[in-house]
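I have placed the structure first, in the form of structure tokens, so that the comments after it can refer back to it.
The values are calculated or read from the model by the stated rules, or taken from the named source; none is laboratory data. In this text the structure is predicted, and so the values were computed from the model without any measurement. Neighbour counts are summed over all protein chains in view; Cβ atoms, including those assigned to glycine, are modelled from backbone coordinates with ideal geometry.
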Amino acid sequence: MGDSQNSITADRLDQLIGTSECPVIVDVRRRPAFDESDRTIAGAEWRDHERAADWAADLPDGAAVVVYCVHGHQVSQGAAAALRSAGLDAVFLEGGIEGFIEAGGETAAK
């Protein structure tokens, strides 16, 4: 799913949400940022980014995975790398949830 930069754009993810091709979406924002926000990307589940290697086994075999943080920097990039190391097809969301919201992506109330 990912390109050479191991990322996905907000527009592309928004196109996939609600389809049979929708990846597993994981919110890996640091807990304080997650707790302060009232929004999440539709269908996302929160997981601790620092424990990505531990919860990788909980994800469906062969599933494509998109992780996101606030801005799409170190937190989500590190989680995606850990998931790829565990053998998953994982990418991070460019721009994080903030970029996704700015692009008009579908979010849900937590």
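Each residue in region 46-59 was checked for being surrounded by fewer than 12 Cβ atoms within 10 Å (Cβ to Cβ) and either among the small types (Gly, Ala, Ser) or under 20 Å from residue 97 (Cα atoms) (or both), and 1 pass. The residue that is nearest to the chain's Cα centre (by Cα), among those in region 66-91 that are assigned to a helix (DSSP H, G or I) and within 12 Å of residue 29 (Cα to Cα), is 76.
Inclusion of residue 62 among residues that are closer than 22 Å to residue 99 by Cα, of a type outside the set (Phe, Trp, Tyr) and over 9 Å from the mean Cα position of the chain (by Cα) is not warranted. Set side by side, the residues 20, 37 differ, and just one is in contact (Cβ under 8 Å) with a residue 40 or more places away in the chain and of a type in the set (S, T, N, Q), which is 37. Screening residue 86 on (1) surrounded by 13 or more Cβ atoms within 10 Å (Cβ to Cβ); (2) modelled with pLDDT of 95 or more; (3) of a type outside the set (Lys, Arg); (4) closer than 20 Å to residue 5 by Cβ shows it passes everything except condition (2). Across region 1-10, the qualifying residues are those that are loosely packed, with under 14 Cβ neighbours inside 10 Å and over 17 Å from residue 75 (Cβ atoms), and the one among them that is modelled with the lowest pLDDT is 3.
Within region 16-30, the set of residues being within 16 Å of residue 106 (Cα to Cα) and surrounded by 14 or more Cβ atoms within 10 Å (Cβ to Cβ) comprises 16, 17, 22, 23, 24, 25, 26, 27. Of everything in region 48-61 that is assigned to a loop (DSSP other than H, G, I, E, B) and without any contact (Cβ under 8 Å) to a residue 24 or more places away in the chain, the residue that is farthest from residue 110 (Cα to Cα) is 61.
Take the residues in region 31-45 that are in a loop (DSSP other than H, G, I, E, B), of a type outside the set (A, V, I, L, M) and surrounded by 11 or more Cβ atoms within 10 Å (Cβ to Cβ); name whichever of them is modelled with the lowest pLDDT. Show your work before the answer.
First, pick out the residues of region 31-45 that are in a loop (DSSP other than H, G, I, E, B): 37-38, 42-44.
Narrowing the set further to residues that are of a type outside the set (A, V, I, L, M) leaves 37-38, 43.
Checking the rest, the ones that are also surrounded by 11 or more Cβ atoms within 10 Å (Cβ to Cβ) come to 37, 43.
On the way: 37: 97, 43: 93.
Looking at residues that are in a loop (DSSP other than H, G, I, E, B), of a type outside the set (A, V, I, L, M) and surrounded by 11 or more Cβ atoms within 10 Å (Cβ to Cβ), I get 43.
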